[in-house]
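Asker: Questions regarding the structure given below will be posed in turn.
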Amino acid sequence: MRMKTRTLAYLAVLSALGTVFEYLSSVLPTGQLGFLALASLCGVAAVVESGAGGGIAAFIVTAVLSFLILPTKTGAIIYAVFFGWYPVMKLFAERIKLKPIEWAVKLISLNAAVTVLIYVFNIVFFTFDAAVPVIYLILNAVFIVFDIGVTRAIGFYISRIAPHMKRGK
């Protein structure tokens, strides 16, 4: 029972930290995507520590809190549509043994999320941007770099941080 309590408390802290990063993305909009990426890393830690279930729980808690307390909802929408569930999607995509299929799943997920975001923002703000193909191209390139960076962050977390968490230090 003690381990479940520790895991639940850790997930709560990660969710709170993710919400803080989302709040910072709302009040410091020049770093919005960077703060949302940091919020996503909280979800990555949740997945590493307690699997897909923990990642989903952290995503839901963080998303709901963000929609409730953020002064502007743009960051909350972007988090809910992509950054929040990305750690769980990454977990399942990386279980695929063939790298081209793994990357195809990741890129299809990203492009589906971008399509939803563009659709939502067009409905809410009544805008249409002729640069949409350029947006897709840039976001795919940035995503590849982001995914590789997250993979390295996971390796660092597993080798340096997780052993200390298991010992309770």
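Each reported figure results from applying straightforward, stated rules to the coordinates on display, with no laboratory input. Predicted model only: the values in this text are computed from it and were never measured.
Asker: Checking the a/c ratio against 1.5 first, then a/b against b/c, what shape does the Cα gyration tensor give for segment 78-155?
Answerer: Values: a/c = 2.25, a/b = 1.95, b/c = 1.15.
Prolate shape, in that a/c is at least 1.5 and a/b is the bigger ratio.
Asker: Let me have the relative contact order for segment 1-158, percent, based on Cα pairs under 8 Å that are six or more residues apart. Don't skip to the end; give the middle numbers.
Answerer: On the way: 146 pairs, mean separation 32.5, N = 158.
Reported as a whole number, the value is 21 percent.
Asker: What's the lysine pair count for the chain at a Cα cut-off below 26 Å, pairs eight or more apart or interchain?
Answerer: Taking the chain as the scope, the lysine pair count is 9.
Asker: Which helices, taking whole DSSP H runs in the chain, have alpha carbons extending 20 angstrom or more along the helix axis plus mean Kyte-Doolittle at least 1.6?
Answerer: Values: long enough: 2-27 (38 Å, 0.68); 32-69 (26 Å, 1.84); 99-125 (38 Å, 1.40); 132-156 (35 Å, 1.89).
Span-like helices, by this rule, are 32-69, 132-156.
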